[in-house]
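Reviewing the structure listed below.
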Amino acid sequence: MKGVILAGGTGTRLYPLTKIVNKHLLPVGKQPMILYGIEKLRESGIEDILLVIGAHSAGLYAQLLGSGKEWGVRLTYKIQEEAGGIAQALALAEGWVAPGEPVAVLLGDNLFEDSLSGYINDFLQQGSGAKVLLKQVSDPRRYGVPVLQGGRIERIVEKPADPPSSYCVTGIYLYDGSVFDIIRTIKPSERGELEITDVNNAYAARGQLTYAILKGWWTDAGTFRSLHDIADFLLKEGRP
Ligand code: G1P
């Protein structure tokens, strides 16, 4: 299985830190943020990784990561020209992921403790569809929130004012080979982006969206507070 890490975007919530350096290259504890996702994929046996990045900081990515050899992976880079959303960034992986092949997708600012191996095995046994990983959070309104029904996800509501559950859909997604066809069917949202939640909802509408709940810590390091907290936590724990 191949892996894709989405590491573009403008990181406006972290401005001016992100004025000269892309969010995913900012330090978190002892290493740049992007390395956490690369390590998680490699630990689970995924060595072919596509990084979708913006033109901004592209040279810095190459300088830091190169071919990926130092980190035990083979890296390919694609440039997302415009800020068209997470699903549009993922669409750039079509072709690099062979037709019909499954793919693991991470948002580069999602840092977490669990190993992905078990979830990937369960997903591969599932055979088709998609799987997302959930985490209980105190502020679900910031995220995609699932409506859970009989062990499945009925649908996901993006940044709901009135959350239907206390879970957040994390930026860890496992998709079958139909994901690129699904992306072609979705329309831009009100904020003009192709939303990953619409992709997931297309699977949910087919009854093909399964989930698991993360056991360990998880954070989205995209705000000053969460970036500071996770760095502090990792250093106190003596990691990485
Ligand atoms: C994105 C997704 C959201 C998900 C979150 C996880 O939100 O749209 O569904 O819960 O990542 O980090 P964003 O961070 O782009 O606002």
Enumerate the lysines that residue 236 could reach by cross-link, defined here as Cα to Cα under 19 Å, with residues fewer than 8 away along the same chain left out.
-> 30
Structure-based [θ]222 nm, the chain - -39500 (n - 2.57) summed over DSSP H runs of at least 4, per residue, nearest 500 | -8000 deg cm²/dmol
For the range 2-237, the Rg and Dmax computed from alpha carbons only, in angstrom = 16.6, 48
In vacuo Debye scattering of the range 136-240, one point per C-alpha: log10 I(q)/I(0) at q = 0.10, 0.14, 0.18, 0.24 Å⁻¹?
-> -0.34, -0.65, -0.97, -1.36
Which whole-number percent is the relative contact order of the chain (Cα, under 8 Å, 6+ apart)?
-> 24 percent
For the chain, the dipole about the Cα centre with charges only on Cβ (Lys and Arg +1, Asp and Glu -1), to the nearest 20 debye, works out at 280 debye
What are the extents of the Cα atoms of the range 24-108 along their three principal axes, listed from largest to smallest and rounded to whole Å?
-> 37, 30, 19
According to a simple spin-label model (label point 7 Å from Cα along Cα-to-Cβ), what is the distance in nm between residue 62 and residue 98?
-> 2.9 nm
Just going by the charge dipole of the chain, with Lys and Arg at +1 and Asp and Glu at -1 on Cβ, which of 178, 102, 29 is farthest out on the positive end?
-> 29
Largest first and rounded to whole Å, the semi-axes √(5λ) derived from the alpha carbon gyration tensor of the range 114-171 read 23, 13, 8
Estimated distance in nm for a label pair at residue 187 and residue 233, the labels positioned 7 Å out from Cα along Cα-to-Cβ = 3.9 nm
Which trypsin sites (Lys or Arg not before Pro) in the range 135-207 pass both tests, a DSSP loop state and at most 16 other beta-carbon atoms within 10 Å?
-> 191, 206
Would you mind ranking 112, 180 so that the residue whose beta carbon has the fewest other beta carbons within 10 Å leads the list?
-> 180, 112
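We did not get these values from a lab; they are worked out from the coordinates using the rules stated. Quick caveat, the model's predicted, so the values are computed rather than measured. In this analysis, Cβ positions are derived from the backbone assuming ideal geometry, glycine residues included, and neighbour counts consider all displayed protein chains.
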